[in-house]
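Values in this text are rule-based calculations from the coordinates and carry no lab data. All values reported here derive from a predicted model rather than from experimental measurement. Heads up, the Cβs are rebuilt from the backbone with ideal geometry, glycines too, and the neighbour counts pull from every protein chain shown.
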């Protein structure tokens, strides 16, 4: 028969002295204490808060720079889209034109072709008219009528962002490109010789005309009607420009001195007299005028006489002196 196994005997209960010995072995030795909970120094908290505030301020300033970069063009350029007048209102014949098409065939630029009167003395010349920074072609009808009276053909157009031309924020570079497309339209589409084309600009368009003519010595000449003395001041003198590195964010300058130094075609400067009583200062010249080495003529348009007649006389005198090309 198999031998029966005896059940294990239960362990004797620990005496109170044995329990105390076991518990004492789990406690840290006398003279040693448990580690305190970790703490964060006030100096570290202050540094972290300072860095957070600096990062937030930097993000806010960068956002301000981006907004300024996107909208600063409005400090100098003031385009409108609605054309309220056409040459018909001044009794001028004209043809609407569109050119500089995109890859999809959409014209970038729209304008007017105004032919010279039949038998006009200067109908061999075509004027590429560059309007100013405000409004659109509809605001230039009276100026175009005075120019038409000279007896020249006229191509006037709206830059991108103006009138019915393709929308884009105006910039100096885009204006230059638009003028290039207009010249290409005259020479490649209408087959006009560059030597019979005169560039005429008004206000900021005059500053553009000076730059453009300096880059195209093959043109017949350039006419500058009251160019702006320092166009970039409209941007950089604005109080908001002091909050950002405006000179790094804005590239438009329209540097008249630089363009004038390289101008090689004859120029006519038409400047409005400061006042009938004061009269023009014969020693005061527009920005860039003194740096021009090519033939030039400066005419002050007085307020106390017929402005259109002065305008006509100045143009006629200047065109008569243009060298044949």
Shape of segment 95-158, Cα gyration tensor, a/c cut at 1.5: oblate
Cβ-Cβ FRET estimate between residue 168 and residue 51, R0 fixed at 30 Å, reported to 0.05: 0.15
Spacing of the two label points (7 Å from each Cα toward its C-beta) at residue 180 and residue 238, in nm: 2.7 nm
Antiparallel DSSP beta bridges within segment 50-195, percent to nearest 5: 60 percent
FRET efficiency, 1/(1 + (r/R0)^6) with R0 41 Å, evaluated for residue 290 and residue 121 via beta carbons: 0.80
Ranked list, fewest to most other Cβ atoms within 10 Å of each Cβ, for 113, 44, 315, 61: 44, 61, 113, 315
Antiparallel %, DSSP beta bridges [both residues in segment 94-321], to 5: 30 percent
Order of 303, 131, 216 under a 10 Å beta carbon neighbour criterion, fewest first: 303, 216, 131
Inter-part distance where segment 187-249 and segment 62-98 are each reduced to a Cα centre, Å: 15 Å
Segment 186-325: C-alpha gyration tensor shape, a/c 1.5 cut-off, then a/b vs b/c: oblate
Segment 120-274, relative contact order in percent, only Cα pairs under 8 angstrom and at least six apart counted: 23 percent
Highest to lowest packing among 152-159, 264-271, scored as the average C-beta count within 10 Å: 152-159, 264-271
Rounded if a/c under 1.5, otherwise prolate or oblate - segment 63-205, Cα gyration tensor axes: prolate
Debye equation applied to the C-alpha atoms of segment 94-321, log10 I(q)/I(0) at 0.09, 0.17, 0.18 Å⁻¹: -0.37, -1.32, -1.46
